[in-house]
């Protein structure tokens, strides 16, 4: 009997061709919008062996129960995340599911890096001025000169796959990187890419003011771990203490100030 697959979206010509080349029967939902839930259930109850899904498709108890009663063997998710899949239901009905775990690591890091560059260079407001025809003449710095990211300092909190990818790109732009992870310190990786500890943290103050308390606390600890740079961290810590509203985080910042002998 032919292996039957239903894909809830077009996952790309090359990928689809690889499935067809194996002689499998493949049906693809061609619309841009996600398929109706009724259609997914209809195909599962109709005996497909595999279901290719995306984050838009709710794959829950009803889907897995219907699949178990028919012939569903696997759910293959075309995405990194899988919040749309009821993992407990998958386990109950013993139907495995997969995801594309690492495909967006560099893409996400690139997106973050490009946003940083666009903000530094003020590309958005300057582009708006051109569109609105309000840019009248050239000037050495007025109004949207912006700044380089090359040679600047950047703080990266979290050194997982995406954080490490971002750090590599920052080093490529000759940036000084201060990286910190409250859960796992990959010293070998840090030493392999860090030219030297950051000498300044221009992004720290706004970062602290808009982050969750546990993240702000982690950053405060990271700062305190580099006493050799007390001349830079002294004003940063004092500003952070001034803007911090969480009492526990304020206490930790104050402890780090004391560690740096800031008076």
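Using a/c under 1.5 as the rounded threshold, could you call the stretch 63-195 rounded, prolate or oblate? The axes a ≥ b ≥ c are square roots of the C-alpha gyration tensor eigenvalues, and prolate needs a/b larger than b/c, oblate otherwise. Judged from the Cα gyration tensor, the stretch 63-195 comes out oblate (a/c at least 1.5, b/c at or above a/b). Taking the Cα atoms of the stretch 7-125, the ratio Rg/Rh between the radius of gyration and the Kirkwood radius comes to 1.10. The simple spin-label model puts a point 7 Å past each Cα toward its Cβ; for residue 161 and residue 60 those points are separated by 2.8 nm.
Panel order for 8, 159, by other beta carbons found within 10 Å of each beta carbon, from fewest to most: 159, 8.
Each of 114, 19 was scored by other Cβ atoms within 10 Å of its Cβ. Arranged with the fewest first, they read 114, 19. Exposure proxy for 144, 138: other Cβ atoms within 10 Å of each Cβ, ordered fewest to most, give 138, 144.
Here the gap between residue 101 and residue 13, fully extended at 0.36 nm per residue and compared with their Cα-Cα distance, gives a gain of 29.6 nm.
No lab work stands behind these numbers, since they all come straight from the coordinates. Note that the structure is predicted; figures quoted are calculated from it, not measured. All Cβ positions, even for glycine, are placed from backbone atoms using ideal geometry, and neighbour counts span all protein chains on display.
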